[in-house]
Amino acid sequence: MTKQATSHIEKVEGNYNLSNYETIRENFDWEDAKELLSAAKTGKVNAAYETIDRHVDEGYGDKIAIHYINETEKRSYTFREVKDKTDHYAKILKENGVKKGDRVFIFLSKTPECYIAILAAIKVGAIAGPLFEAFMEDAVRDRINDCDGTLLITDQELAKRVPQQDIPSLQTILYVEDIEKEALQPVDGDQFVEWVDWEDGLIIHYTSGSTGKPKGVLHAHRAVQHHIVTGKWVLDIKDEDVYWCTSHPGWVTGSVYGLFAPLLNRATVVIQGGRFSAENWYSLIEELGVTIWYSAPTAFRMLLSQGDLYKKYDLSSVRHVLSVGEPLNPEVIQWAWNSLKVRIHDTWWMTETGGHLIVNLPAEKIKPGSMGRPFPGVQVGILDDEGQELPRGEVGQLAVRTPWPGLMKEIWGNQDKFKSYFQYEGWYISGDLALQDEEGYVFFQGRNDDMINSAGERIGPFEVESKLIEHPAVEEAGVIGKPDELRGELVKAFITLRQGFSQSKELLEEIRVFVRKNLSAHAAPREIEVVDELPKTKISGKILRRQLKALEIERANANKVNI
Ligand code: PRX
């Protein structure tokens, strides 16, 4: 290994004003996380209060909580202003009959109003259901229907994708345009705060598996213990930090590490509206002086592909960078070190885990290719097919000792699915395959099922297949993740055509657009291949996705040899 390559993987302390990481590894106790919250003193909890109002009560009302920036505007809000606005939204929710435990959905693009609406729902004791802004009709309908959402906060534009007539539980739709028009009357204190128990529902995120429709992963208020403590140690948030997480709060990264963890730690959070462009991203960092940046490998690879563009910007404010969602390849770590002079710290966790479990703590040694080591208080096991722990160095099922504060409370209305994560006594089974080395570093080896990970977004093949066969030309469909240099995987569909249809470029495009328009852009197949027959199991006739995937991998390898 070259000298330059070793320098960034060794312990680096220069960039961090850190206290002692070795001692937290030795002395860590999840119970201590509670002490970071005001609930420890008052005995009453509400995650929205802890995230915003507490800081006002503690004298930080004038500190900037949110910077919002898009192509045409820039605005900022102090913690007091965010408190006032969440109170305003909370008041309107109450006037509309929202009660503790109700499911309140939020379908908004990445704007301050989206974050405020989520917090307001939580403030009044409801369970917030944030939806990704690119979802189309079916995706919106399935999620709200699954947990009988009663109220939706959206805007006039996105409301066009809400088929209210097909969502019987949905009594009320509130438009932010109307909420924003009503006069805001600041109130003192916690008038709208519903004090709840640690076990009461906080937020529900829908996520894909390899079978069936997306499942509702419900988290409880106790998860904020996990958020605050990992925000402190993994994100390394200090009072002066300007923190930017690039994910939308409809995904768990965007809610836990875009909203809760940084604001619980009183950071100033950046919300960026609009589409990805390398120029916009770099100039945002320069303009707002971003110090901590949490994103995903595909985004870093897109920046890498822009070559020297970074040289046009002053990015020296950035002191800590993190990644999540998909394998972080060593080339990307090397690029960040050479260009931005920072190390990228990978983190591993899942919607179901509610917070970081495997991390690279700042300043500690990084092993490129590894996701890091278990967070203090977390015990990882690599299990064989009988649930027995394998020796270090062997590949098996990545499992984690239960419980921990962020662990999901339930899968909405699906006890069997919930139980399937805990089939071996005392373990949570992630569905990932991994190995752990002698020093505890964990290396991702792929999924144990057919789930697709494209650009860090989790896509269930079943959902895409179901949509494909709704198209009149499609007889059967098998959907897989095809290896892709930029996105990690891209969604590829193999289909057979119904009688009377013949393959043409136009037809395939029509099918692709059909999925895009009804389900969502990120799940629409980028490639569709027509075949005469799909491989199936002999007995049950189930489509053998693994065989399709093996075919793609074989083709990719053959191409490499040809080059
Ligand atoms: O396969 C793992 C992959 O993303 C899955 C979880 O997806 P989701 O619930 O959408 O949550 C994403 C962000 C919290 C995991 O089962 N994954 C997550 N982090 C990594 C990863 N794969 C490789 N390296 C990671 N750091």
Identify, by number, the condition in (1) within 16 Å of the ligand (Cβ to nearest atom); (2) under 27 Å from residue 382 (Cα atoms) that residue 520 doesn't meet.
(2)
Name the strands (runs of 3 or more DSSP E) wholly inside region 297-413 in which the number of residues that are touching an Asp or Glu at 6+ places or on another chain (Cβ under 9 Å) is 3 or more.
320-323, 380-383, 396-401
Could you list, ordered by first residue, the pairs with Cβ atoms under 6 Å in which the first is in region 69-94 and without any contact (Cβ under 8 Å) to a residue 24 or more places away in the chain and the second is open to solvent by 30 Å² or more (accessible area, probe 1.4 Å) and among the β-branched types (Val, Ile, Thr), at least 6 apart or interchain?
76/64; 78/64
Some residue of region 297-305 being open to solvent by 20 Å² or more (accessible area, probe 1.4 Å), free of Cβ contacts under 8 Å to residues at least 60 places away in the same chain, touching a Ser or Thr at 6+ places or on another chain (Cβ under 6 Å) and more than 16 Å from the ligand (Cβ to nearest atom)
no
Got at least one residue in region 420-432 being within 10 Å of the ligand (Cβ to nearest atom), open to solvent by 40 Å² or more (accessible area, probe 1.4 Å) and out of contact with any Asp or Glu (no Cβ under 9 Å at 6 or more places or on another chain)?
no
Can you name the residue in region 73-83 that is in a helix (DSSP H, G or I) and not hydrophobic (A, V, I, L, M, F, W, C) and is also least open to solvent (accessible area, probe 1.4 Å) among such residues?
83
With the structure loaded, tell me whether residue 383 is at pLDDT 95 or above, open to solvent by less than 10 Å² (accessible area, probe 1.4 Å) and within 10 Å of the ligand (Cβ to nearest atom) or whether it fails that test.
no
Any pair with Cβ under 7 angstrom, 6 or more apart, that starts in region 375-400 at a residue that is under 23 Å from residue 24 (Cβ atoms) and ends at one that is open to solvent by 20 Å² or more (accessible area, probe 1.4 Å) and aromatic (Phe, Trp, Tyr):
376/28; 377/28; 377/30
For residue 453, the lone unmet condition from (1) within 16 Å of the ligand (Cβ to nearest atom); (2) outside any strand (DSSP E or B) is (2)
For the structure I just gave you, tell me whether residue 469 is free of Cβ contacts under 8 Å to residues at least 12 places away in the same chain and away from the ligand (no atom under 16 Å from the Cβ).
yes
Does residue 290 qualify as being among the β-branched types (Val, Ile, Thr), closer than 25 Å to residue 358 by Cα and within 16 Å of the ligand (Cβ to nearest atom)?
no
Qualifying positions in region 414-430 - free of Cβ contacts under 8 Å to residues at least 60 places away in the same chain and either farther than 20 Å from residue 31 by Cα or not in a loop (DSSP other than H, G, I, E, B) (or both):
415, 416, 418, 419, 420, 422, 423, 424, 425, 427, 429
Taking residue 285 as the residue in question, decide whether it is part of a helix (DSSP H, G or I), more than 16 Å from the ligand (Cβ to nearest atom) and either open to solvent by less than 10 Å² (accessible area, probe 1.4 Å) or under 14 Å from residue 442 (Cβ atoms) (or both).
yes
In region 168-212, anything open to solvent by 70 Å² or more (accessible area, probe 1.4 Å), within 18 Å of residue 105 (Cβ to Cβ) and polar (S, T, N, Q) is listed as 171
Restricting to region 311-326, and then to whatever is in contact (Cβ under 8 Å) with a residue 40 or more places away in the chain and buried (at least 20 other Cβ atoms within 10 Å of the Cβ), can you tell me which residue is farthest from the ligand (Cβ to nearest atom)?
320
Among (1) open to solvent by less than 40 Å² (accessible area, probe 1.4 Å); (2) in a loop (DSSP other than H, G, I, E, B); (3) in contact (Cβ under 8 Å) with a residue 60 or more places away in the chain, the one test that residue 274 misses
(1)
The residue that is nearest to residue 366 (Cα to Cα), considering only those in region 327-345 that are open to solvent by 50 Å² or more (accessible area, probe 1.4 Å) and within 13 Å of the ligand (Cβ to nearest atom), is 330
Please find, among 150, 86, the residue that is open to solvent by 10 Å² or more (accessible area, probe 1.4 Å), hydroxyl-bearing (Ser, Thr, Tyr) and closer than 22 Å to residue 195 by Cα.
150
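The values are calculated or read from the model by the stated rules, or taken from the named source; none is laboratory data. None of these values were measured; they are calculated from a predicted model. Neighbour counts are summed over all protein chains in view; Cβ atoms, including those assigned to glycine, are modelled from backbone coordinates with ideal geometry. Note: accessible area is taken over every heavy atom of the protein model, side chains too, but ligands, DNA and RNA are not part of it. Shrake-Rupley method; radii C 1.70, N 1.55, O 1.52, S 1.80 Å.
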